[in-house]
Amino acid sequence: MQAATGFADVRAVLFDLDGTLIDSAPDLGAAVDKMRVARGLPSLPLSHYRHMSGTGARGMIGVAFGITPDHPDFPALRDEFLNNYEQCMTERTFAFDGVGELIARLVAINLPWGVVTNKAARFAEPLTRAMPLFDSARALVCGDTTPHSKPHPAPLLEAARRLDIAPAQCLYVGDDERDIVAGLAAGMSTVAAGYGYLGQGAQPSAWGAHALINSPVALLQLLGKA
């Protein structure tokens, strides 16, 4: 964990969802791999998909079929993938080790927490409802809650508004550079989740976050609540 200062005034903690609180890569990978198999292509192991799991349909389809969003076949493949994912998104998804302990501690010390994700409400709302971990979350801002998604600061500012806490007193934790960009633009303290998906070739130490952690519970040390 990187040492950091300036967290003493944090009054709320906001988290990215996929790759930060939950490991949804197995369900995301299964949804797109089903498409490969249906087309007579060999199944790929989860390791091929994991590093791109934070990039949604674009990343999953890119790995499975080697095409980008400007390809004429992409829209149909995206819709098929999303439909597949909607049907299986709670089958193999689980919280990262230590997340339950982290959230329980935040609740015990009465530090409000919430989620800001680029995942559309169509998926984020039923997924979080299905996991008891999120029962104590006081805000859920999805990728289509505001007119802009991350790296724009609007979703984070909306979460702070819902919590009725100034952005400068919020901390945002995420495993993608866009999370840190959004958090800094919103005037929040930021922490990079070095245990997350990160993305191919990512260097979270270069994102400009106020701190970098390699496990969820390390956040408690930053907050002085361990």
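Some points to look at:
- For the stretch 143-151, the count of residues that are buried (at least 24 other Cβ atoms within 10 Å of the Cβ) and closer than 21 Å to Phe94 by Cβ is zero.
- Cross-chain or 6+ apart pairs with Cβ under 6 Å, the stretch 103-129 first and closer than 15 Å to Ala159 by Cβ, then polar (S, T, N, Q): Asn118/Ser149; Ala124/Thr117
- Of the helices (runs of 4 or more DSSP H) entirely within the stretch 1-82, those holding at least 2 residues that are β-branched (Val, Ile, Thr) and either more than 19 Å from Ala202 (Cα to Cα) or at pLDDT below 95 (or both) occupy 25-38.
- Residue selected from the stretch 195-226 under the condition at positive phi and buried (at least 17 other Cβ atoms within 10 Å of the Cβ), by the criterion nearest to the chain's Cα centre (by Cα): Leu198
- Set Leu102, Leu140, Leu82, Leu77: member being closer than 20 Å to Cys170 by Cα and over 14 Å from the mean Cα position of the chain (by Cα): Leu102
- Against the numbered list (1) loosely packed, with under 14 Cβ neighbours inside 10 Å; (2) at pLDDT 95 or above; (3) part of a helix (DSSP H, G or I), Glu91 comes up short only at (3).
- Residue among Ala192, Ala182 that is crowded, with 24+ Cβ neighbours inside 10 Å and in a strand (DSSP E or B): Ala192
- With respect to the conditions (1) farther than 18 Å from Leu106 by Cβ; (2) in contact with a helix residue (DSSP H, G or I) (Cβ under 6 Å, 6 or more places away or on another chain), Ala168 lacks only one, and its number is (2).
The values are calculated or read from the model by the stated rules, or taken from the named source; none is laboratory data. The shown structure was predicted, so the numbers you read here are calculated from the model rather than taken from an experiment. When we count neighbours, we look across all protein chains shown, and the Cβ atoms used for this are built from the backbone with ideal geometry, even at glycine.
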